[in-house]
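For reference, the structure discussed in these notes is given below.
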Amino acid sequence: AAPASLARREVGDGSAMAASYTTGPLAATRRAVRDSAWMRGLMGSFAVLPLSDLVELLARRKMTGSLTCERGTVRKTVHLREGSAVGAASNDPREYLGQLLINFGHIDEDQLTKAFRTQEETKIRLGKVLTMVGLVPPETVREVLAIKIRETLLDVFLWDSGLFSFDDAPPPVVDELD
């Protein structure tokens with residue numbers, strides 16, 4: 001008789017094949033490892049996989065990592081934790097935190113310039129500097145950062161072409177005012 005850790009499985013030609021369930025990886029484990037490796041290498045063109053399908057896939061699988069989208073010289077990254085956007089970065093000056101705060105009337109150019117100087121001297125992130133000196137309440141910084149995340153991703157939905165890549169390394173841990 002076969003040991004308890006082995007089970008017999010019929011193969012296509014009618015013969016039996018032994019499979020270990022206690023010493024080898026479980027099928028579900030193999031699939032999770034394979035899916036993780038597949039997602040790590042996920043990259044392509046929006047012409048092949050539209051952004052709406054890609055976002056749905058990452059949300060449905062509750063993926064953690066960074067989705068980077070590029071078109072020409074514009075590069076945008078959305079950080080995900082368990083399928084939800086938790087941060088964003090962009091090289092588009094219109095989407096910088098300081099510019100958004102000016103656009104919404106929370107600070108003016110002179111205040112932003114002074115905050116940048118303080119940021120350079122202290123190496124503290126802009127949102128924290130602005131709250132520490134009392135220019136902007138913390139809840140306003142959080143609200144504007146939420147808008148920044150949304151606008152960064154929504155802008156990519158307007159692109160008619162571009163490339164994407166997904167890196168499943170956990171996104172950087174940031175303070176809620178960063």
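The values are calculated or read from the model by the stated rules, or taken from the named source; none is laboratory data. All of these numbers come straight from a predicted model, not from anything done at the bench. Positions of Cβ are generated from backbone atoms using ideal geometry, with glycine treated the same way; all protein chains shown enter the neighbour counts. These accessible areas exclude ligands, DNA and RNA; they are computed on the full protein's heavy atoms, side chains included. Shrake-Rupley method; radii C 1.70, N 1.55, O 1.52, S 1.80 Å.
What is the number of the single condition among (1) free of Cβ contacts under 8 Å to residues at least 60 places away in the same chain; (2) open to solvent by less than 70 Å² (accessible area, probe 1.4 Å); (3) not charged (D, E, K, R) that Phe116 does not meet?
Phe116 satisfies every listed condition except (2).
Considering each residue of segment 80-95, count those that are open to solvent by 40 Å² or more (accessible area, probe 1.4 Å) and of a type outside the set (D, E, K, R), and give that number.
6
Could we say that Val156 is farther than 22 Å from His106 by Cβ and assigned to a helix (DSSP H, G or I) here?
For Val156, the condition - farther than 22 Å from His106 by Cβ and assigned to a helix (DSSP H, G or I) - is met.
Is it the case that some residue within segment 128-142 is β-branched (Val, Ile, Thr) and without any contact (Cβ under 8 Å) to a residue 24 or more places away in the chain?
Looking for residues that are β-branched (Val, Ile, Thr) and without any contact (Cβ under 8 Å) to a residue 24 or more places away in the chain, one finds at least one in segment 128-142, hence yes.
Which residues, counting only those in segment 44-73, are open to solvent by less than 40 Å² (accessible area, probe 1.4 Å) and not hydroxyl-bearing (Ser, Thr, Tyr)?
Gly44, Phe46, Leu51, Leu54, Leu57, Leu58, Met63, Gly65, Leu67, Cys69 - these are the residues of segment 44-73 that are open to solvent by less than 40 Å² (accessible area, probe 1.4 Å) and not hydroxyl-bearing (Ser, Thr, Tyr).
Looking only at segment 93-128, which residues are part of a helix (DSSP H, G or I) and of a type in the set (Val, Ile, Thr)?
Hits for segment 93-128 are Ile102, Thr113, Thr118, Thr122.
Report, by residue number, each residue of segment 166-178 that is open to solvent by 40 Å² or more (accessible area, probe 1.4 Å) and either modelled with pLDDT of 85 or more or under 13 Å from Ala47 (Cα atoms) (or both).
Within segment 166-178, Asp167, Ala169, Pro170 meet the criteria.
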